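The structure appears below as structure tokens.
The values are calculated or read from the model by the stated rules, or taken from the named source; none is laboratory data. These numbers come from a predicted model, not from an experiment. Positions of Cβ are backbone-derived with ideal geometry, glycine not excepted, and every protein chain shown enters the neighbour counts.
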Amino acid sequence: MRRPIVLIFLLLVLIITSQVEWKQQIGDTDANPTATRRRQQSLEREDTVKEKVGHKVMSYVQIILAQEKNIQQLNELIQSLQLQLLHCRGSNSTAHATASKSTGGKGEGHEMIDDR
């Protein structure tokens, strides 16, 4: 969960810094129309880049969240399989003990397989 929080924090920092830059540029008044036009084009390009970066960050966050969900599901499957394995081991031990009692515990060629 730490990675998505960091990515969201970076996105917020990006938004805040772009707002500060925008306010500073509004405060700067320039009488030169050519410079104003160039500045406007530069701002439009920056906005386009920032928008693309924002979309990429959000898609990365979605990918990370989906991967974490998959990992959680795999962990649940592992736990289920471990429980099944313990149950099988218990059943195997019970069957072996029953077989030993019926043969008198003389071990007539039967060996218990230790799968640990």
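Can you name every residue in region 56-81 that is of a type in the set (D, E) and under 8 Å from the mean Cα position of the chain (by Cα)?
Step one: of region 56-81, the residues of a type in the set (D, E) are 68, 76.
Selection gives E68 alone.
Suppose we keep only residues that are among the β-branched types (V, I, T) and touching a residue at least 12 places away in the same chain (Cβ under 8 Å) within region 45-62. Which one would you say is nearest to T17 (Cα to Cα)?
Of region 45-62, the ones among the β-branched types (V, I, T) are 48-49, 53, 57, 61.
Keeping just the survivors that are touching a residue at least 12 places away in the same chain (Cβ under 8 Å) gives 53, 57, 61.
On the way: V53: 14, V57: 16, V61: 21 Å.
Applying the filter and picking the extreme gives V53.
Could you list, in sequence order, all residues of region 95-109 that are surrounded by 10 or more Cβ atoms within 10 Å (Cβ to Cβ) and either outside any helix (DSSP H, G or I) or at pLDDT 80 or above (or both)?
Passing the criteria: T103, G105, G107.
How many residues are of a type in the set (S, T, N, Q), within 30 Å of A66 (Cβ to Cβ) and modelled with pLDDT of 80 or more when one looks only at region 18-54? Steps first, please.
Of all residues in region 18-54, those of a type in the set (S, T, N, Q) come to 18-19, 24-25, 29, 32, 34, 36, 40-42, 48.
Pick out the ones that are also within 30 Å of A66 (Cβ to Cβ) and you get 18, 48.
Add one more test, that the residue is modelled with pLDDT of 80 or more, and what stays is 48.
So the count comes out to 1.
Can you say whether S42 is under 23 Å from Q19 (Cα atoms) and part of a helix (DSSP H, G or I), as far as the supplied structure shows?
Values: under 23 Å from Q19 (Cα atoms): yes; part of a helix (DSSP H, G or I): yes.
In short, yes.
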